[in-house]
1. Which of (1) more than 28 Å from B:Phe421 (Cβ to Cβ); (2) without any contact (Cβ under 8 Å) to a residue 60 or more places away in the chain is the odd one out, the single condition B:Leu436 does not satisfy?
2. Going residue by residue through the range B:330-349, is there one that turns out to be buried (at least 17 other Cβ atoms within 10 Å of the Cβ), closer than 27 Å to B:Trp78 by Cα and of a type outside the set (Gly, Ala, Ser)?
3. Are there any pairs with C-beta distances below 6 angstrom linking a residue in the range B:166-191 that is assigned by TED's automatic domain parsing to the domain that holds B:Phe155 and of a type in the set (Asp, Glu) to a residue that is part of a helix (DSSP H, G or I) and buried (at least 16 other Cβ atoms within 10 Å of the Cβ), with the two at least 6 apart or on different chains, and if so which?
4. Quick check on A:Thr186: is it hydroxyl-bearing (Ser, Thr, Tyr) and surrounded by 18 or more Cβ atoms within 10 Å (Cβ to Cβ)?
5. Residues B:Glu455, B:Glu462, B:Glu450: which one is assigned to a helix (DSSP H, G or I), within 37 Å of the chain's Cα centre (by Cα), farther than 18 Å from B:Val567 by Cβ and without any contact (Cβ under 8 Å) to a residue 40 or more places away in the chain?
6. Taking the condition of being surrounded by 14 or more Cβ atoms within 10 Å (Cβ to Cβ), without any contact (Cβ under 8 Å) to a residue 24 or more places away in the chain and not in a helix (DSSP H, G or I), how many residues in the range A:110-121 meet it?
7. Can B:Leu295 be described as crowded, with 24+ Cβ neighbours inside 10 Å, away from chain A (no Cβ under 11 Å), within 20 Å of the chain's Cα centre (by Cα) and hydrophobic (A, V, I, L, M, F, W, C)?
8. Being in the same structural domain as B:Gln291 (by TED's automatic domain parsing) and closer than 22 Å to B:Ala275 by Cα is true for just one of B:Ala137, B:Ala157. Which residue is that?
Amino acid sequence: MLRVENLVTRFHTYDGVVRALEGVSFEVREGEIFGLVGETGCGKSVTTYSTLRLLPSTGRVHSGRITLSGESLLDASESRMREVRGGEIAMIFQDPLSALNPVMRVGDQIAESVWLHDDLPDADAVAVRVEEVLGEVRMPDPAGAARAFPHELSGGMQQRVMIAMALAGRPKMLIADEPTTALDVTIQSQVLQLLRQLKQEAGLTVLLITHDLGVVAELCDRVAVMYAGTIVETAPVEELFSDPKHPYTQGLLAALPGASETLAPVPGRVPDLLAPPSGCRFHPRCPLAVDRCRAEAPELRGDTRQVACHEVEP
Amino acid sequence: MKLWQYVLRRLAFTVPVMLGVTLITFSLSNLMGDPVAPYVTEKTTPEQVEELRKLHNLDKPIPVRYFTYISNLLHGEWGYSQQINQPVSEAIGMKFAATLELALLAFAVAVATALPLGIFSSVKHNRWEDHWIRLFALFGSAVPIFWLALILKYFLAFQWGEITHLPQGYRYDPFLWDLEDPIEQRTGLLLVDALLAGSWIHFKDALMHLLLPATTLAYVSMATTIRLMRGSMLDVLGEDYVRTARAKGLPERKVVVNHAARNAMIPTVTLLGLAFGGLLNGSVLTETIWQWPGLGAWAVDAMRNADTAAILGYTLFAGMLYVFANLVVDVAYAWLDPRVELSGDVGLAEWVIAGLGVLLLIVTWFSVDMGLGLGRLLLYGLLLGALFGLGWKLRQDHRDFLARLREYLWVPLLALGTVLFVVGIFKGYSTEMVLLFTIACLVRLTLNWEDFVAEIPPRRAELRRMAHQLRRNPLALLGLFIALAILLVALMAPFLAPLEPGQRDADRMVEHFEFNHDLQPPCYWSCTGERGEADGYILGSTSKGYDIWYGIVWGSRTSLDVALKVVISGTFIAVVLGVISGYYGGRVDEIMMRVTDVFLAIPGLILALAIVAVTGNPSIEYLMYALIIVWWPGFTRIVRAQALTVRNLPYVEAARAAGASDFRIIFRHVLPNCLTPVIIAATMDMGSIVLVLAGLGYLNFGGGADVAEWGKLVGFGQAHLLAGNWWAFFFPGLAIALWALAFYLLGDGLRDILDPRQRE
């Protein structure tokens, strides 16, 4: 459904060119929950902003293709992009309180999406639709919630509002950018459950961005692991956990508490994207690294399981 | 809590502030010298003098007089203005409508144009549209309002008056309104009256008269508002909810207007009160130039004639207006931002203070004696309470009380040092003081030489980045260039405009004004006339033959001198008070903030004018005292706000947890992190102090006769405006504008460079 091929995005800052994404490729299939996992700063969010063309003014997509059901998004006109945003791909963000406009009533913010993407005759119909989507996200007392300001709701309720706002445009796909990171653990599971239910009920395709492998295991169908602006491995979720191929993925899983007797951190540090390592970006930390890794960046190979490593077969 | 309850509560809280303002005006009235002196002649007998003193209540002790003053104020007896032979309260009532009409129109124009411009500018961030709007806004803050008014008056109302049909002053055409067709003036606001009477001719006349004064006045407030709106828009545009709105598929225009602008309005509105204060300041000068029959022009007349009752009445009234405007702003803020909790958390102490203030007023209204009694009671109660508190503390930890006292010994020492430093600067030892300070810094540096050297390499990258930022910021470079040029002029003054006894003597500025009649037009390049060198003046002369070029060159020294001294000592005071207040918080902070509240309740220029007028001492030293008194509260607040944030940052808490002493924490951790806003504010204030100084000078309170000062030069230069003498006010005013512009540009640039949030 959503195909990203060889995406290269760079930021032009005073300190130099930040090579945030270097050839990212993945495909999200219709009806699945696709996870994009990686450490903070590895380019997960930049990937989604590139997709919706919402990069800040310093960022630019240099090359690559992004297609939504065959239509190229990088070549689409700005007015077409506005239809896509919220209408075909909706997005929810990490911290719902700061992502909601503090001076606008929740109902009005949802109504905006409805007006934009739904052909409804009048304000009454919009109000009905707003309450309907608030009901869809299991909001207790939808009418009351619509009249509230964001700060009057709890964190979980705020995230429900965000999801309702995303659903209001009847999108085919939802990008959830770390939707549970800012929430308490108990509320996290509620929101995750809601996402799963929405996928089943509305047939929504979800691109879930997270650094939390627990969330991935619980929710996703397939996963792509990102490291320093590249995708290092793509796999169905069970296979990823049972048989990680890429050394980084292995290290990541080994670093999970409970994976082994002692915690095993991945040695070394995340590279500086202003001057990324040559060749494979993981080679300075990689236990398998050989000379070739320093010179040549590996390509993502394989079919259902893809790995970008010279030393490992998919 | 309902909105009206909130309003009521805020009203109650203004009472202590207003009481503080009356304390200021009352002390000013006591500075005034002997109020009886004007009535005393050689023939007055001692008995009659005694009689007079009794009549003016001067035989009573000061507290009695203060409470009599309050009681009189409450009963509407604001004194008697000798200047216009009218009770002050009556005069204020009569003249208020004119000022209100002018100020309201200017305010409306300013806000209505500034908000869209600010939004537009932020959307075009760092493109040429943005640069032009920023320059337009900065220029608005930098032009002396009286200069702008004179230019508009000269060109639009005089030179091209035939075409524009704009009047050269006053509020209406007396012929039309008083003789030909008098209409009922129900509100005193002429535009409204004309509308009520349904007369287009009257409306047009009033509007034409309002047009230029309102434009003059509006420009300054507009400039401030543009800058505020642009700044908060830039903050808001980076917020998550703006991204949400974009991700929703909203068109950019709607994102900006419905989401960003609504939120950016909130901080802007909170500062609109400040803009209104600027408007009151500006009205004093604007009204004087356009002969607008309002409060400002009346106050200036009163100041020139040492009409104490009128000066103090006006000062108090301006304070009340300003406090009221801020009240309106607070309510607007509560209404705009749903997150504001109307009930808020107000400490018990604040309630008690407000309640006691109201009680004191009520009691005084009924009887002076009872008010006095209550006042005494409160004062003694407060003292006793403080003593008791101290004693309680002593009892609690009497063992290490002395040790702790020693730990705080640096506070009084620091205060003493600051006082010595500031007094030293003003008493003419500024070079020595600066030298002393430099030596102290050097000693400190040599003691910590290792640390200093160690810090150079990491700092170098930082400096390189700053230099790069500066190069990319053409406006800041322009500011730096102008500032350096002016500095050079001030340094080279003896060469650029040599002293020639008799011809070009600084002392003769006023003398020329008195006797000489020798108006010379500028001769720009070649000034060697038939009668030799001194015949022509490059930039022309005033109507009395004073060389403008000479005045500008030597005036740059005055500006530099005053601005530097006021800024340096003001910064010193503010840093000491602000850091202590912000770091310790609690009671100390509370008291400090209430004191600054009181000083900030009176618009700056008006307070400075009142101080200078009332002391009746025109020397530049007194001007500087007045400027310092006006300046320190705002400055202290900036530092205090910063110290308050820094105090709660993790590294300060870590230092405290590591057992560092307060002294060490304040000077090693808090102070260095407060410096950025201080540097920015100090740079900006280098400009604004000269603007106020020039305003004072323009109104003829510009230091002694022997001081060349730009504002004073403009004031002298306007004398023959209607004879076509434009150069004499134009060039000195340009110098003021360039000066202020330079430091505003520099300050703005520094903010961009030093503020890490702006990095890209």
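The values are calculated or read from the model by the stated rules, or taken from the named source; none is laboratory data. Predicted model, so just to flag it, every value in this text is computed and none were measured. Please note: Cβ atoms are built from the backbone with ideal geometry, for glycine as well, and neighbour counts cover all protein chains shown.
1. Exception for B:Leu436: condition (1).
2. No, the range B:330-349 contains no residue that is buried (at least 17 other Cβ atoms within 10 Å of the Cβ), closer than 27 Å to B:Trp78 by Cα and of a type outside the set (Gly, Ala, Ser).
3. B:Asp173/B:Asp205
4. It is false that A:Thr186 is hydroxyl-bearing (Ser, Thr, Tyr) and surrounded by 18 or more Cβ atoms within 10 Å (Cβ to Cβ).
5. Matching residue, one of B:Glu455, B:Glu462, B:Glu450: B:Glu462.
6. So the count comes out to 1.
7. yes
8. Values: B:Ala157 fails: closer than 22 Å to B:Ala275 by Cα.
Just one listed residue meets the conditions, B:Ala137.
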